[in-house]
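I have placed the structure first, in the form of structure tokens, so that the comments after it can refer back to it.
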Amino acid sequence: MRIITDGLVIKETNVRDNDRLITVITRDIGVITAVVRGVKSFKSKRGSATSLLAYSNFNFEQKGDTYTVTEASINKMFFGAGTDLIVLSIAQYFCELCNYLKPVQNESEEFLRLILNSLHFLTESNRNPELIKAITELRIAVIAGYAPDLLACQKCGKFEDTVMYFKLDDGSLYCNDCRKENCVSISLTVLKALRHIIYSKFESLYSFEIPDSSAKELSSLCEKYITYQTEHKFTTLDFLRGII
């Protein structure tokens, strides 16, 4: 069966002398792994289009559970990620998030839209990379079914307090009077940012700024939340924390 769809390459592995195995988050069929044959040949036009962080239009040939790339042409290449080690590391972390969470077919387009926009802001704007990382982590958690409940204190219903407390194991929020053990304190600036990321429409998702210190706090909280919820050790995140 022939399938034509757009997708972002989130993993690549060279196999044998001239072939490549790629993982692609597609617009229509979720995350798939596909073989690209003869990609290292000087005659091949698929080399760049099937490399890491290439957003391309793909022609796949499906036989059973096996996909082969028959044609590929680049829509956009996120070259900017390779010019800064921190930016590249965050971009690779986004790829690992997608590969681990593996959206099903009906979530695929939303995942792809999020990652493409985040890569754009990460590589082609002056936005704080920690802020873009946090937006992506939390919104991808929402799409994947790990959304926290931050509307108000879970016990008394208070909307805001001088300091609020976030419980990582169930994503619940508490005020100062109702806080429980194993909660993380969060400032009001960070709470407002969290609510915006979770509840805003996609069109306004990136339309806010916070101080760099708050962005760092937000980033740290979001990565703790997603690693706690998924119970997964993200190797790209470990590497990122080693260089920041």
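The values are calculated or read from the model by the stated rules, or taken from the named source; none is laboratory data. All figures in this text were calculated on a predicted structure; none of them were measured in a lab. Neighbour counts are summed over all protein chains in view; Cβ atoms, including those assigned to glycine, are modelled from backbone coordinates with ideal geometry. The accessibility values were calculated without ligands, DNA or RNA, using every heavy atom of the protein model including side chains. Shrake-Rupley method; radii C 1.70, N 1.55, O 1.52, S 1.80 Å.
May I ask you to compute the full-extension gain from ASN59 to GLU181, defined as 0.36 nm times their residue separation minus their alpha-carbon distance, rounded to one decimal in nm?
Full extension of this stretch gives 38.7 nm more.
Applying 1/(1 + (r/R0)^6) with R0 = 51 Å to the Cβ-Cβ distance of ASP17 and ARG127, what FRET efficiency is obtained, to the nearest 0.05?
0.80
What accessible area, in Å² to the nearest ten, does a 1.4 Å probe give for CYS178?
My reading of the accessible area for CYS178 is about 20 Å².
Is there a pair in LYS102/LYS167; LYS158/LYS233; LYS40/LYS201 whose C-alpha atoms are over 31 Å apart, and which pairs would that be?
LYS158/LYS233; LYS40/LYS201
Just reorder ASP17, ASP65 by solvent-accessible area, largest first, 1.4 Å probe, all chains present.
Output order, biggest surface exposure first: ASP65, ASP17.
Quick one: the Cα spread of the chain along its three principal axes, in angstroms, biggest first?
67, 37, 31
I want to verify a result. In a Gaussian network model of the chain, Cα cutoff 10 Å, which of these has the top mean-square fluctuation: GLY171, GLY30, GLY64?
Answer for the Gaussian network model of the chain: GLY64.
Quick one: divide the alpha-carbon radius of gyration of region 137-195 by 2.2 N^0.38 Å and tell me what you get.
Dividing the Cα Rg of region 137-195 by 2.2 N^0.38 Å gives 1.05.
List the GluC sites (Glu not before Pro) within region 116-224 that fall in a DSSP loop (any state other than H, G, I, E or B) and whose Cβ has at most 14 other Cβ atoms within 10 Å.
Filter output for region 116-224: GLU160, GLU181, GLU209.
How much accessible surface does ARG241 have with a 1.4 Å probe, in Å² rounded to 10?
Taking all protein chains as shown, ARG241 has close to 80 Å².
Apply the a/c threshold of 1.5 to the C-alpha gyration tensor of region 20-145 and tell me whether it is rounded, prolate or oblate.
Cα axes put region 20-145 in the oblate bin.
Can you compute the label reach from LYS224? Point 7 Å from Cα along the Cβ direction, backbone N cut-off under 14 Å, restricted to region 139-173.
164-173
Given the protein chains as shown and a 1.4 Å probe, how many square angstrom of VAL69 are accessible, to the nearest 10?
It works out to around 0 Å².
Just need log10 I(q)/I(0) for region 97-162 at q = 0.11, 0.13, 0.21, 0.25 Å⁻¹, Debye formula, equal scatterers on the alpha-carbon atoms, no solvent, rounded to two decimals.
Listed by q, the Debye log ratios stand at -0.36, -0.49, -0.88, -1.03.
Ranked from the most accessible area to the least, with a 1.4 Å probe and all protein chains present, what is the order of MET77, MET1, MET164?
MET1, MET77, MET164
Counting only chymotrypsin sites (Phe, Trp or Tyr not before Pro) that are in a DSSP loop and have at most 14 other C-beta atoms within 10 Å, tell me the longest site-free stretch of the chain.
Counting only loop sites that pass the neighbour cut-off, the longest clear stretch is 43-158.
Ranked by accessible surface with a 1.4 Å probe, highest first, in what order do LYS45, LYS63 come?
LYS45, LYS63
Give me the distance in nm between label points sitting 7 Å out from Cα along the Cα-to-Cβ direction at ILE74 and LYS192, one decimal.
4.1 nm
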